[in-house]
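All remarks here apply to the structure that follows.
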Amino acid sequence: MSGTAVAEDTDITVRVMSKDAKFIGTSMGGVRVILRDQETGEVLAEGVTTGGTGDTAKIMHENGGRRANLADESAASFKTTLDLDRPRLIEAEIYGPLAQPQAAHAASATQWVIPGGHLSVGDGWVIELPGLVVNVMEPAAARKVSASQVDSLSVSANVMMMCGCPITSGGLWDANQFEVGMTISKNGNKVGEEAMSYTGDSSMFGGEMPVTEPGVYEIIVHAYDPKNGNTGIDKTTVVIE
């Protein structure tokens with residue numbers, strides 16, 4: 001065979017799915033996607049996923065299985081067209097959600113792509129991103145509290161799936177299945193742990209931190225799903241005077 005290879009437009013759609021949840025899109029700042037030639041390191045395309053979280057009924061059902069398409073037009077994605085003249089082993093590198101930097105994770109995957117072999121069909125190229133979004137709402141960072149005035153300090157946190165989907169009692173993501181708590185350190189040394197419980201408001205968990213001795217305290221709030229290992233954290237500090 002002889003002749004010059006002719007480049008061919010090849011469509012690629014990358015979607016990022018929150019582990020045990022839905023697609024990560026505009027409401028969470030999207031996920032950064034970089035497509036590289038894995039063999040040469042050449043960046044072929046980059047962008048951010050945009051769109052919605054997808055159809056809940058289509059995604060979250062018992063018969064999901066490998067034969068079920070999860071995505072529809074509402075599912076967030078990053079779309080591009082590459083001009084390929086030969087098969088390439090492409091690496092997709094993702095990072096996000098961009099609007100929640102304390103919860104952002106990175107992941108990558110590789111796949112062979114041939115000229116004209118579109119990866120925009122079906123669900124496209126779906127990459128799972130593990131984790132939970134945790135936002136400590138109270139106390140605000142560097143808040144100062146007098147030990148002589150209070151015995152404990154209220155700690156509250158908002159916990160969501162990476163797609164921004166809410167956690168509620170008895171809901172699709174049941175608050176009762178999550179373990180939420182805080183690890184407390186004083187001047188760099190761990191001094192205790194306290195459990196946090198669902199407050200009744202969507203995605204909100206709360207607990208009490210004992211206030212005893214003066215010092216600079218760091219509070220690390222964690223959320224953990226024992227069913228699948230999904231985990232997220234956030235931190236704040238408080239000064240006890």
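Go over the candidates Asn230, Asn158 one by one and state the one that is within 19 Å of Gln102 (Cα to Cα) and either in contact (Cβ under 8 Å) with a residue 60 or more places away in the chain or in contact with a helix residue (DSSP H, G or I) (Cβ under 8 Å, 6 or more places away or on another chain) (or both).
Selected residue: Asn230, the only one of Asn230, Asn158 that is within 19 Å of Gln102 (Cα to Cα) and either in contact (Cβ under 8 Å) with a residue 60 or more places away in the chain or in contact with a helix residue (DSSP H, G or I) (Cβ under 8 Å, 6 or more places away or on another chain) (or both).
For region 222-241, which residues satisfy the criterion of being more than 20 Å from Cys163 (Cβ to Cβ) and of a type in the set (A, V, I, L, M)?
Val238, Val239, Ile240
Among the residues of region 205-235, count how many are assigned to a strand (DSSP E or B) and farther than 15 Å from Val133 by Cα.
Residues meeting the conditions: 10.
Pairs only if they're at least six apart or on different chains, beta carbon under 6 angstrom, first in region 98-110 and of a type in the set (Val, Ile, Thr), second crowded, with 16+ Cβ neighbours inside 10 Å; list them, first residue then second.
Taking only residues 6 or more apart or on different chains, the pairs are Thr110/Gln38; Thr110/Glu91.
I need a count of the residues in region 65-97 that are closer than 30 Å to Ile233 by Cβ and in contact (Cβ under 8 Å) with a residue 60 or more places away in the chain.
Qualifying residue count, region 65-97: 10.
Based on this model, can you work out whether Ser169 counts as in the same structural domain as Leu82 (by the TED database), closer than 30 Å to Asn69 by Cα and open to solvent by 30 Å² or more (accessible area, probe 1.4 Å)?
No, not satisfied.
Can you name every residue in region 94-123 that is at pLDDT 95 or above, outside any strand (DSSP E or B) and surrounded by 19 or more Cβ atoms within 10 Å (Cβ to Cβ)?
Within region 94-123, Pro97, Gln100, Ala103, Ala104 meet the criteria.
Check Glu91, Glu39 and return the single one that is in a strand (DSSP E or B) and farther than 27 Å from Pro166 by Cα.
Glu91 is the lone residue from the list that is in a strand (DSSP E or B) and farther than 27 Å from Pro166 by Cα.
Might you check whether a residue that is part of a strand (DSSP E or B), touching a helix residue (DSSP H, G or I) at 6+ places or on another chain (Cβ under 6 Å) and open to solvent by less than 50 Å² (accessible area, probe 1.4 Å) occurs anywhere in region 52-63?
Looking through region 52-63, none of the residues is part of a strand (DSSP E or B), touching a helix residue (DSSP H, G or I) at 6+ places or on another chain (Cβ under 6 Å) and open to solvent by less than 50 Å² (accessible area, probe 1.4 Å).
With the requirement that a residue be touching a Leu at 6+ places or on another chain (Cβ under 9 Å) and open to solvent by less than 60 Å² (accessible area, probe 1.4 Å), what does region 127-162 give you?
Selection gives Pro139, Val145, Val159, Met160, Met161, Met162.
Report every pair of residues separated by at least 6 positions or lying on different chains whose Cβ atoms are under 6 Å apart, first residue within region 37-50 and in the same structural domain as Ala75 (by the TED database), second open to solvent by 80 Å² or more (accessible area, probe 1.4 Å) and charged (D, E, K, R).
Val48/Arg32
Which residue out of Gly181, Gly215, Gly207 is surrounded by fewer than 20 Cβ atoms within 10 Å (Cβ to Cβ), modelled with pLDDT of 95 or more and of a type outside the set (Ser, Thr, Tyr)?
Result of the check over Gly181, Gly215, Gly207: Gly181.
For residues that are modelled with pLDDT under 95 and touching an Asp or Glu at 6+ places or on another chain (Cβ under 8 Å), scanning just region 129-152, find the one that is nearest to Pro210 (Cα to Cα).
Applying the filter and picking the extreme gives Ser152.
If I filter region 7-51 down to residues being open to solvent by less than 70 Å² (accessible area, probe 1.4 Å) and polar (S, T, N, Q), which single residue comes out as farthest from Ala103 (Cα to Cα)?
Thr10
The values are calculated or read from the model by the stated rules, or taken from the named source; none is laboratory data. Nothing here was measured: the structure is a model prediction, and the numbers come from that model. Neighbour counts run over all protein chains shown; Cβ positions are idealised from the backbone, glycine included. In case anyone asks, the SASA skips ligands and DNA or RNA and just uses the protein heavy atoms, side chains included. Shrake-Rupley method; radii C 1.70, N 1.55, O 1.52, S 1.80 Å.
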